[in-house]
Amino acid sequence: MGSDAATWLSLLAASIAQRPYVFTFLAAFLLLAGRDLGWRRTMGWLGWGFLVAFTAEYWSTRIGIPFGLYHYTGATAGRELFISNVPFFDPLSFPFLAYASYCLARWALRQSRGWQTVALAGVLMTGLDVVIDPLAVRGDRWFLGHVFHYAGWALVGALIVGGYLRAFGRRAEPRGSPVGGIGLYYGVLCFNLATTGLIGEWRLLGAGILVHVAAILLIYRLRVLRSTRAWMGAPRHGAAAPSPTTLTDKGGL
């Protein structure tokens, strides 16, 4: 038993050493989400997100749902931690990607709940996938190794965010600002774009930049529309004030 635990810890340490970028972003997520959501809910987000992502990875490598059928090469088996046939680091990245996407969706829509927020978070997470997946399939040219995902990130991202909001109900209301999570979103994006440039994949780099310029314009437009609606819906002098939840909790899940 002691030997198994020592082996597990050794492989976990090897995973951290081989994937420092994942664990750096994870640490940033824990710090930012802990201040935004509270530590209990942050751990709930992390556990739920990991479970959803691992299930998606496990099913995809067997029946092709939801990412399409693919397989890990197992080239790093014995040199990093695996759970069944899935590298530990992979589903661990989904919770912080979903949180970052949720923060950006909150900012764009000026609300923290509702199906629109959940759907936009899934779309924004897919925007990261557009950059990450083409880079991942060229992993032999940097330090990632051969890993490739297919479409389905929108579904998984929305399920992580929506499941969290459903589980915690009114208690899911964030305590802080989404700004830190937005910084995390663009930190992940810039890291992947920079790595794409470092390995000389200029077409992929250009495509990724164009996709996210368009995404920024869309997000800004949504923000302006929400602000305009809020201003137009503001009470005139002497009118009753709107409920405090008007902009932050439209149509909860």
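Within segment 42-53, is even one residue open to solvent by 40 Å² or more (accessible area, probe 1.4 Å), assigned to a helix (DSSP H, G or I), touching a Gly at 6+ places or on another chain (Cβ under 6 Å) and under 30 Å from residue 221 (Cβ atoms)? Scanning segment 42-53, I find no residue that is open to solvent by 40 Å² or more (accessible area, probe 1.4 Å), assigned to a helix (DSSP H, G or I), touching a Gly at 6+ places or on another chain (Cβ under 6 Å) and under 30 Å from residue 221 (Cβ atoms), so the answer is no. Beta carbons closer than 7 Å, at least 6 apart along the sequence or on distinct chains, pair a first residue in segment 35-59 that is closer than 20 Å to residue 171 by Cβ and without any contact (Cβ under 8 Å) to a residue 40 or more places away in the chain with a second that is among the aliphatic types (A, V, I, L, M) and in a helix (DSSP H, G or I) for 42/30; 42/33. Against the numbered list (1) open to solvent by 30 Å² or more (accessible area, probe 1.4 Å); (2) touching a Ser or Thr at 6+ places or on another chain (Cβ under 6 Å); (3) of a type in the set (Gly, Ala, Ser), residue 105 comes up short only at (1). Taken over segment 60-69, the residue count meeting the criterion of being loosely packed, with under 15 Cβ neighbours inside 10 Å and either at pLDDT 90 or above or not charged (D, E, K, R) (or both) is 5. Scanning segment 18-25 for residues that are part of a helix (DSSP H, G or I), more than 30 Å from residue 113 (Cα to Cα), of a type in the set (S, T, N, Q) and open to solvent by 40 Å² or more (accessible area, probe 1.4 Å) turns up at least one hit.
Specify which of the listed residues (31, 92, 46) is at pLDDT 95 or above and under 20 Å from residue 162 (Cα atoms). Step by step, each of 31, 92, 46 is checked, and only 46 is at pLDDT 95 or above and under 20 Å from residue 162 (Cα atoms). Of the candidates 68, 47, the single residue that is under 17 Å from the mean Cα position of the chain (by Cα) and not aliphatic (A, V, I, L, M) is 47. A Cβ distance below 6 Å, combined with a sequence gap of six or more or placement on separate chains, defines the contacts here; from segment 214-237, residues that are modelled with pLDDT of 85 or more reach residues that are outside any loop (DSSP other than H, G, I, E, B) and among the small types (Gly, Ala, Ser) in the pairs 215/127; 219/108; 222/108; 223/108.
If you go through segment 167-204 and keep only what is outside any helix (DSSP H, G or I), open to solvent by less than 30 Å² (accessible area, probe 1.4 Å) and at pLDDT 90 or above, you end up with 174, 178.
The values are calculated or read from the model by the stated rules, or taken from the named source; none is laboratory data. The structure presented is a predicted model; accordingly, all values stated were derived computationally and were not measured. Glycine gets a Cβ as well: all are built from the backbone with ideal geometry, and neighbour counts include every protein chain shown. Quick note on the areas: whole protein, heavy atoms, side chains included, nothing else; ligands and nucleic acids left out. Shrake-Rupley method; radii C 1.70, N 1.55, O 1.52, S 1.80 Å.
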